[in-house]
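Worksheet for the structure shown next.
The values are calculated or read from the model by the stated rules, or taken from the named source; none is laboratory data. All values reported here derive from a predicted model rather than from experimental measurement. Methodologically, a virtual Cβ is constructed for each residue, glycine included, from the backbone with ideal geometry; neighbour enumeration extends over all protein chains shown.
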Amino acid sequence: MEVDVIADTEQDVLSSDNQATPETLSKYRLAGHFCSVAMKAVVAKCVPGASCATLCQIGDDTILAQVKFAKVQSLNVDGESVSS
């Protein structure tokens, strides 16, 4: 099975659409925080006999809960996005 991979050219990487804006950096920081919380949850459950599937599910569930919480926090009372 072949997988098509689109390589980024230097021009693609340097394009104006890829600028590190404060909003983009904030999203990267938030994603890093989500990963950190998930890793702590997984490591806490790493005990003899724990299955990889269980550990993966814990990581997935933790990340999804973090994203859901962040999404709820970004909405105002009317359900409209605060950041828009």
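Values computed for the structure shown
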{"quantity": "Residue match in region 25-35 (condition: at pLDDT 80 or above and over 18 Å from the mean Cα position of the chain (by Cα))", "calculated": "no"}
{"quantity": "Single residue of D78, D17 found to be assigned to a helix (DSSP H, G or I), surrounded by fewer than 10 Cβ atoms within 10 Å (Cβ to Cβ) and modelled with pLDDT under 95", "calculated": "D17"}
